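Participant: Provided herewith is a single structure, encoded as C-alpha cells, for subsequent inquiry.
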Amino acid sequence: MASYDWIDLEANDGYDRLIQVLESEFDPKGIAESLESQVTDAAKGLLVEHGYVDKDYRSTFYNFYAKKGRQYRTDCVRLHFFDGFVQYDETRTDITCSDGRPQDHYYGYIVLRPTIVATLGRSVLSPDIRLGARGRAIQSRNHVNLLGHRLPIWGFPSMAQHVDIAVCAHVSCWAILRYYSETYSRHSEFLVYDVTKLVAPFDPGGLVPSLGFNVLEAERVFQAAGCFPVLVGKRNSSSDGAFFSQLLAYLESGFPLFVAMPSETHAVVIVGHNWRQSAIPPQGSSSHVWTQVETLLTVDDNLLPYATVPLCSPGTQAGQPSYTAKSFDAFIVALPDKIYYPADAIDALSQRIEGSLTRARGPGQEPLELRRYFITTVSNLREHANNHRTNLGDGLVGLLMHLDTAKFVWVVEYCSVAQWQAGHVAARAIVDATASPTDKVPIWLLHDEEVAHIFDRTSAEMNPTSVRLGRTNLGPLPRIELNLRPVHD
C-alpha cells in the first residue's frame, strides 16, 4: 500500500529524517550521505513515496532475486525532489504550491531498490540540482504521475549497478537504450534484465551476468537492440586529438556515448560538456573545438548522474569521479540508420574546406582558427534558421528552407578565437550525413556572411551555384546550439 513522508531538506535534520523513514533494505544511511554530498541546496523538499512498483527492479526480481535463498521485497521506494515553493498537505494527501503549478517546481526522482547494497535504482534527475554540474547535457523530457499530478522532468536516466545481476557495463547500455526509448518512439524499451540477456546469444545463467563484459560485447548489445553502433578506439597517445574530436562531435550531435576505461575496469556514459570560460588560441594554425572543452559530464553508476570529469587532473571533491578523460580508451556511439559519413571522414573534409575558405578570404577578415562539427536533422536546422531569421537574413533562411537534403546532415562551423568567445561563426558547411566516405564533394551548402555556394548532388560534376546573401547590417552569424540543453549552475 502506498504511503508518503515529507522531508524538509532546509531543516538541519532533513537527511537524518530521511534515514528514519527509510527501512533498512534501502540502505538509508548510504543514500542520505550520497544525496547530502551530491545534491545542491536548490532542492528544498523531498517526498518519499513508499510501496512503489518499479518495472526495472521487477525484471531483475522475477528473473534473479526470487531464485535466491534470501527473500527480497517486491516493492520499492521513490524519492521526489522539489524546490521551496512546494509543500505536502498530509490531510489532503496532495502537493501544493502558491502558484498552483507544481510541475514548474519539480527536479525529478530516484527509485530505491530493497537490495540492501547498491540500492539506488532507476532515476531521472534534473542536472540543475547536481553539485558541480554545469555546461550543456543531453536530456529527454519525461513525465511522472504523482498524487494525480503529471509532472514533467528533463534529465537522463541513471541507476547504480546491482553488483550481482548487472554491473557498470550493463547499466551504461541500459541508460543509453532507455534514453532512446523515452526520446524516440521507434526505439523499444529494454529493462535491466533484458540488457543482461542481450550480452550473449544464449542464456548463461549463474554468476555470468555479474562478471561484466567488454566493449565488443557492448557493441553487440546495441546491435541487438536495433541501433547501428560505431566503435572508436584511442591510438597510442593518451592525448589523441582525433579520438577526442570524434567523441565531442558525436556528443554534440546528441548521442550519449558508452565509454570504456580498461585501466579503471569501468564503463560510463558521457552525456555533456562544459566550455572553457575564456577561449584559448590553437597551438597551430587551427584546431578542433575540443581544445575549448573544460570538463565532461558523465552518468556513472557509482555516483549520482552528471558527475564532472576533468580532462587531466582528477578532482578531490566528494561525489565526483577519481578518473579523468585520459582514462578513456574507447567509446561506442549508437547511431540511427542512414548516417553513413563518420566523424573521422568529416574531420578530414572539414580541414579541406577550411583550406578553400582561407584562400578565398580577404586580408581584413577574421582568421579561421577553430572548427566544429556535429550531426543534426534538416528539420532541426530549419527550426534554428526560423528562430534566428533576424540574424541570418531572409536570403540564407530561404536557401536552408529550400535545400533538398537527406534527413541527417553534418553541420561544420568555422570561426576565430574571438568569434568563438562571442558565440559567432565566420562560415558554415552543410554536409550530407548519408554520403559515402569516398564521395569527393559530399556538400549541400557552403556559406559565409556574404556568399552561399549551393551544390547539386544529383550532378556528377558538383559545380556549385553562388548566391549573394544580402545580409546588410545583420551582424555576425550566430553559432548553432541544437542538441544539448543548458545546465543551470
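Participant: Distance from the Cα centre of segment 6-42 to that of segment 308-356, in angstrom?
Facilitator: So the separation of the two Cα centres works out to 36 Å.
Participant: Okay, next question. Which semi-axis lengths, in whole Å and largest first, follow from the square roots of five times the eigenvalues of the Cα gyration tensor of segment 142-201?
Facilitator: 24, 14, 10
Participant: In sequence order, what are the phi-derived ³J(HN,Hα) couplings for segment 422-436 according to the Karplus relation 6.51 cos²θ - 1.76 cosθ + 1.60 with θ = phi - 60°, rounded to whole Hz, with x for glycine and proline?
Facilitator: So the Karplus estimates, Gly and Pro as x, are 8, x, 10, 10, 9, 8, 8, 10, 10, 10, 6, 6, 9, 5, 8 Hz.
Participant: Can you give me the Cα centroid spacing of segment 46-93 and segment 144-164 in angstrom?
Facilitator: Taking the Cα centre of each part, segment 46-93 and segment 144-164 sit 11 Å apart.
Participant: Using Cα-Cα distances under 8 Å and only pairs 6 or more residues apart, what relative contact order does the chain have, in percent?
Facilitator: 12 percent
Participant: How many nm separate the modelled label positions at Asn463 and Ile280, each set 7 Å beyond the Cα in the direction of the Cβ?
Facilitator: 4.7 nm
Participant: Considering the options Asn391, Ser158, Phe81, tell which one lies farthest towards the positive end of the dipole of the chain, charges being +1 on Lys and Arg and -1 on Asp and Glu at the Cβ, about the Cα centre.
Facilitator: After comparing all options, I get Asn391.
Participant: I've got another one for you. Can you give me the accessible area per residue for the chain, using a 1.4 Å probe, in Å²?
Facilitator: Per-residue accessible area for the chain comes out at 43 Å².
Participant: Another question about this same structure. Using a/c under 1.5 as the rounded threshold, could you call segment 327-461 rounded, prolate or oblate? The axes a ≥ b ≥ c are square roots of the C-alpha gyration tensor eigenvalues, and prolate needs a/b larger than b/c, oblate otherwise.
Facilitator: rounded
Participant: What full-extension length gain, to one decimal in nm, is calculated for Ser3 and Glu264 as 0.36 nm per residue of separation minus the Cα-Cα distance?
Facilitator: In short, 89.8 nm is gained.
Participant: Just to confirm a number: summing +1 for Lys and Arg and -1 for Asp and Glu over residues other than Pro102 whose beta-carbon lies under 15 angstrom from that of Pro102, what do you get? Let's see the in-between values first.
Facilitator: Values: positive: Lys44, Arg92, Arg101, Arg150; negative: Glu49, Asp83, Asp89, Asp94, Asp99, Asp104.
Local charge sum for Pro102: -2.
Participant: Using modelled amide H (1.01 Å from N, peptide plane; none on Pro or chain starts), what sits under 5 Å from the amide H of Arg130, excluding residues fewer than 5 places away?
Facilitator: Thr40
Participant: Shifting gears a bit: Please work out how much accessible surface Leu400 shows to a 1.4 Å probe, ignoring ligands, DNA and RNA, in Å² rounded to 10.
Facilitator: Its accessible surface works out to 20 Å², give or take rounding.
Participant: Please compute the modelled spin-label separation between Leu216 and Glu33, points set 7 Å along Cα→Cβ, answer in nm with one decimal.
Facilitator: Rounded to a tenth, the inter-label distance reads 4.0 nm.
Participant: Shifting gears a bit: Quick one: Cα centre-to-centre distance for segment 400-454 and segment 359-396, in angstrom?
Facilitator: 7 Å
Participant: A further question on this structure: Over segment 18-82, what is the mean sequence separation of C-alpha contacts under 8 Å (at least six apart), divided by residue count, expressed as relative contact order in percent?
Facilitator: Working: 49 pairs, mean separation 24.4, N = 65.
This gives 37 percent for segment 18-82.
Participant: Name the residues of segment 279-322 whose amide N is less than 12 Å from a point 7 angstrom out from the Cα of Gln421 along the C-beta direction?
Facilitator: Answer for this model: 279-281.
Participant: Further question on the same structure: Using the reciprocal of the averaged 1/r over all distinct C-alpha pairs, how large is the Kirkwood radius of the chain in Å?
Facilitator: After inverting the pairwise mean of 1/r, the radius is 24.3 Å.
Participant: If you don't mind, there's one more thing I want to ask. Quick one: with all protein chains in place, what share of the accessible area of the chain is carbon or sulfur, to the nearest percent (1.4 Å probe)?
Facilitator: 48 percent
Participant: Ok, one more. Which of the three applies to segment 265-338, rounded, prolate or oblate, going by the alpha-carbon gyration tensor with a ≥ b ≥ c and a/c under 1.5 meaning rounded?
Facilitator: On the way: a/c = 2.03, a/b = 1.22, b/c = 1.66.
The shape class here is oblate.
The values are calculated or read from the model by the stated rules, or taken from the named source; none is laboratory data. Quick caveat: nothing in here was measured; it's all calculated off a predicted structure. Virtual Cβ from ideal backbone geometry, glycine too; neighbours counted across all protein chains shown. These accessible areas exclude ligands, DNA and RNA; they are computed on the full protein's heavy atoms, side chains included. Shrake-Rupley method; radii C 1.70, N 1.55, O 1.52, S 1.80 Å.
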